[in-house]
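Input: a single structure, listed below in structure tokens.
The values are calculated or read from the model by the stated rules, or taken from the named source; none is laboratory data. Note that this is a predicted model, so its numbers are computed, not measured. Using ideal geometry, Cβ is built from the backbone for each residue, glycine included, and neighbour counts are taken over all protein chains shown.
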Amino acid sequence: MQIPRDLSLRLDPVDAPLADPQPFRHAAVLALLLPGDLTRILLLERPGTMRAHAGQLAFPGGKPDPGDRDLLDTALREAEEEIGLPRALVQILGRLSPVPVPSGHVVVPFVGVVAEPFTPQNNEAEVKSILTPTLQQLIDPQVYKFAGMREWQGRRYALHEFNIHQPPLWGATARMVHDLLHRMQLIPDVPDEV
């Protein structure tokens with residue numbers, strides 16, 4: 001399963017304006033595609049010792065540092081710190097829809113492709129393990145399930161779950177993965193917000 005050639009046209013532009021997140025703050029992550037005969041997506045398992053998101057599966061990313069130029073810079077810096085990804089290896093294709101999370105952030109996901117072979121090196125303080133499921137695995141009906149709707153902060157959201165690990169991929173990152181797979185036309189749409 002290959003990355004669609006027009007994927008960048010299916011994503012939001014990198015520099016598209018973002019809504020004011022108040023009372024939340026922005027954070028940024030990198031949804032990294034690893035092309036090959038079977039395209040993979042890179043996910044992290046967070047250590048159980050972390051204060052926030054302990055044990056969860058996530059994309060590389062986090063909160064902006066004062067020296068970051070913008071949210072894309074935040075996502076790239078975090079990927080470099082967490083998995084040793086040199087920025088020069090990443091081609092950024094666009095953005096997915098921002099996702100608000102209970103930690104008080106609106107997470108802005110950037111989608112990137114690594115065109116050259118790359119071996120991740122986990123920063124053990126922030127990364128317990130690295131997973132690289134194939135797109136084919138993620139769309140398998142035995143792996144993906146629509147987990148219903150939930151109301152939070154007065155809004156209803158679709159819940160998604162991907163049983164690729166224990167614990168499974170769920171929550172905000174699962175919403176981002178679903179958004180990406182839908183934009184790639186690999187998975188049916190489920191209204192994200194009703």
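Does any residue of the stretch 22-33 turn out to be without any contact (Cβ under 8 Å) to a residue 40 or more places away in the chain, assigned to a strand (DSSP E or B) and under 16 Å from the mean Cα position of the chain (by Cα)? No, that holds for no residue.
Every condition in (1) at pLDDT below 95; (2) not in a strand (DSSP E or B) is met by Pro100 except one, and the failing one is (2).
The residues in the stretch 74-96 that are more than 14 Å from Pro60 (Cβ to Cβ) and in contact with a strand residue (DSSP E or B) (Cβ under 7 Å, 6 or more places away or on another chain) can be counted, and the count is 5. Scanning the stretch 1-22 for residues that are modelled with pLDDT under 90, more than 25 Å from His105 (Cβ to Cβ) and exposed (fewer than 13 other Cβ atoms within 10 Å of the Cβ) yields a single hit, Gln2. Among the residues of the stretch 146-161, is any of a type in the set (A, V, I, L, M, F, W, C) and either surrounded by 19 or more Cβ atoms within 10 Å (Cβ to Cβ) or under 25 Å from Leu76 (Cβ atoms) (or both)? No, that holds for no residue.
Based on this model, can you work out whether Leu30 counts as surrounded by 15 or more Cβ atoms within 10 Å (Cβ to Cβ) and in contact with a strand residue (DSSP E or B) (Cβ under 7 Å, 6 or more places away or on another chain)? Answer is yes for this residue.
When you check Gln91 against the structure, is it over 24 Å from Asp189 (Cα atoms), in a strand (DSSP E or B) and of a type in the set (S, T, N, Q), yes or no? Outline the logic, then answer.
On the way: over 24 Å from Asp189 (Cα atoms): yes; in a strand (DSSP E or B): yes; of a type in the set (S, T, N, Q): yes.
For Gln91, the condition - over 24 Å from Asp189 (Cα atoms), in a strand (DSSP E or B) and of a type in the set (S, T, N, Q) - is met.
Note on the stretch 123-145: among residues that are among the hydroxyl-bearing types (Ser, Thr, Tyr) and out of contact with any Ser or Thr (no Cβ under 9 Å at 6 or more places or on another chain), the one that is surrounded by the fewest Cβ atoms within 10 Å (Cβ to Cβ) is Ser129.
Could you tell me which of the residues Gln166, Gln137, Gln142 is assigned to a helix (DSSP H, G or I), at negative phi and of a type in the set (S, T, N, Q)? Walk me through how you get there before you give the answer.
Details: Gln166 fails: assigned to a helix (DSSP H, G or I); Gln142 fails: assigned to a helix (DSSP H, G or I).
The match here is Gln137.
For the stretch 94-138, filtering for residues that are farther than 19 Å from Pro47 by Cα and small (Gly, Ala, Ser) leaves 5. Every condition in (1) surrounded by 19 or more Cβ atoms within 10 Å (Cβ to Cβ); (2) closer than 20 Å to Pro47 by Cβ; (3) modelled with pLDDT of 90 or more is met by Pro168 except one, and the failing one is (1).
Every residue in the stretch 99-122 that is of a type in the set (S, T, N, Q) and either loosely packed, with under 13 Cβ neighbours inside 10 Å or out of contact with any strand residue (DSSP E or B) (no Cβ under 9 Å at 6 or more places or on another chain) (or both), please.
Pass one, the stretch 99-122, residues of a type in the set (S, T, N, Q): 103, 119, 121-122.
Selection gives Thr119, Gln121.
Within the stretch 113-167, the set of residues being under 22 Å from Leu7 (Cα atoms) and among the hydroxyl-bearing types (Ser, Thr, Tyr) comprises Thr132, Thr134, Tyr144.
In the set (1) modelled with pLDDT under 90; (2) part of a loop (DSSP other than H, G, I, E, B); (3) in contact with a Pro (Cβ under 7 Å, 6 or more places away or on another chain), Ala158 fails one condition alone, (2).
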